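Before any comments, here is the structure.
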Amino acid sequence: MSSVMKASTSGSSSAPVAHNAMPPPSTASAARSSRIAPHSHIKGLGLTPEGFASTDAAGFIGQINAREACGVVVDLVKSRKFSGRALLLVGAPGTGKTALALAISQELGVKVPFCPMVGSEVYSTEVKKTEVLAEAFRRAIGLRIKETKEVYEGEVTELTPTESENPLSGYGKTVSHVIVGLKTVKGTKQLRLDPSIYEAILKEKIVVGDVIYIEANTGAVKRVGRSDAYAASFDLESETYVPLPKGDVHKRKELVQDVTLGDLDAANARPQGGQDIMSVMGSLVKSGRTEVTDKLRREVNKVVKSYVDQGVAEVVPGVVFIDEVHMLDIECFTYLNALLESPMAPTVIFATNRGNALVRGTTDIVSPHGIPIDLLDRCLIVRTDRYKEPEVAKVVQLRANVEGLKLGSGVLDLLAKRGHESSLRYALQLLTPASILAGVAGRKQIEVEDINEMGELFLDAKTSAEMISS
């Protein structure tokens, strides 16, 4: 790396810049965080230290009984007394089942893997149904590896690629090197890096203002997060903001890398072909998914166990969330029983909106929630309630704040009424298109007429079903 990375220190001789100043956000950064996840406002279950749910806390509104029950499950998981069991969330659509599963994951830890899937996914892939379930379980088991490495770390202050004539052809240019400026509390340093590192920087979507580190020996680039100088008090995004690193730019640092067993399985299952044109063409026509054998998983488990025994790594069980679990068939349910007995099984959460239903793959077995009794006996069942009108209003206002939308007089009451009569999701889905309509009309806030027009353009499920049946 020393021949590739040439560092020139601009240290304290440069003009001092307050690291907590508010620089203008870059276009690339804005593009990265423009997509808002539907549950980005959920930060946990919102429980008191005694385990009681606050009416409005951690982004969660309502569902008092369900949140308190999930809090008990979190305590069971932390005390390692939930092995071999699963949590089943039952309730109507739009009553917060996915949000509860995500909140449980966040209560278990920030870096705990969360692997959501829908039951019907097992029928839409090129591999076996049981393989899809096994893959989901492996992706929900994390491995935290600790290593001490020589790195260059800091906030990116400059990112300038330098081009030169392409020596392999008579036209065009290629990147010869890239200049990267890094800043810490102690000083700044300018690095002259190889073009291969520039490719890694582009792959990580790194822009000025991001905090990164570059491994001195391998050139591996890792984005830690966005500098907290760019954070705003009203920002509720899922973007991670980190403080300006302390110490020198060039240092030895203990790095913690988080991977999952699913990542290790995929890396070892993928054949490493040659670089000739036939190998490249062959990889293009191959299936997008590779089925991992049980033998390979046992080999990966053996390596992971040796890392854990040496104290280099620790296993971090995560959360598997299977929504619409009633869509699985008898073969999948049988396999789930075996997966729950695995010594490294993650926390398993199911969700369904069915009552008594036929178990798929059978012709005569009717069971509560469409789940076989032997698996149902392993589950703790928690019910979610329909949201009341005041609760719908609070959720709508919270989502409007997250998306930066202003609501005019009467809009919140109208959306709360619509959400209570149809579903919470329907009320939330009207927000963004209504804001677009308001913008076209030259207004900065959503008015009642915008909601009424959206209600005519986009129907809720009950209204559309009545219109078709009439």
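The values are calculated or read from the model by the stated rules, or taken from the named source; none is laboratory data. Because the structure is predicted, anything quoted here is derived from the model rather than measured. Cβ atoms come from the backbone with ideal geometry, glycine included; neighbour counts cover every protein chain shown. SASA here: full protein model, heavy atoms, side chains in, ligands and nucleic acids out. Shrake-Rupley method; radii C 1.70, N 1.55, O 1.52, S 1.80 Å.
Key figures
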read-out	value
Residue that is part of a helix (DSSP H, G or I) and in contact (Cβ under 8 Å) with a residue 60 or more places away in the chain, where the choices are LEU339, LEU380, LEU296	LEU339
Residue within the range 105-119 that is at pLDDT 90 or above and of a type in the set (D, E, K, R) present	yes
Subset of the range 180-197 (residues that are open to solvent by less than 40 Å² (accessible area, probe 1.4 Å) and either farther than 20 Å from LEU244 by Cα or not assigned by the TED database to the domain that holds HIS250 (or both))	LEU193, PRO195, ILE197
Tally of residues being under 33 Å from the mean Cα position of the chain (by Cα) and without any contact (Cβ under 8 Å) to a residue 40 or more places away in the chain across the range 448-463	7
Count of residues meeting criterion [over 20 Å from PRO317 (Cβ atoms) and of a type outside the set (S, T, N, Q)] in the range 70-107	8
Single residue of SER83, SER105, SER120 found to be outside any loop (DSSP other than H, G, I, E, B), of a type outside the set (Val, Ile, Thr) and surrounded by fewer than 22 Cβ atoms within 10 Å (Cβ to Cβ)	SER120
THR184 being of a type outside the set (D, E, K, R) and without any contact (Cβ under 8 Å) to a residue 24 or more places away in the chain	no
Unmet requirement for VAL208, which otherwise passes all of (1) open to solvent by 40 Å² or more (accessible area, probe 1.4 Å); (2) not in a loop (DSSP other than H, G, I, E, B)	(2)
Any chance MET344 is open to solvent by 50 Å² or more (accessible area, probe 1.4 Å), out of contact with any His (no Cβ under 7 Å at 6 or more places or on another chain) and either at pLDDT 90 or above or within 30 Å of VAL73 (Cβ to Cβ) (or both)	yes
Hits in the range 291-320 - residues which are touching a Lys or Arg at 6+ places or on another chain (Cβ under 9 Å) and open to solvent by less than 30 Å² (accessible area, probe 1.4 Å)	VAL292, ARG297, VAL300, ALA313, VAL316, GLY318, VAL320
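So that you can scan it fast, the table gives a plain yes or no per residue for (1) open to solvent by 20 Å² or more (accessible area, probe 1.4 Å); (2) at pLDDT 90 or above; (3) not assigned by the TED database to the domain that holds GLY84:
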| residue | (1), (2), (3) |
| --- | --- |
| GLY361 | yes, yes, no |
| ILE365 | yes, yes, no |
| GLY370 | no, yes, no |
| ASP374 | yes, yes, no |
| ASP377 | yes, yes, no |
| ALA400 | no, no, yes |
| VAL411 | no, yes, yes |
| ALA416 | no, yes, yes |
| ARG425 | yes, no, yes |
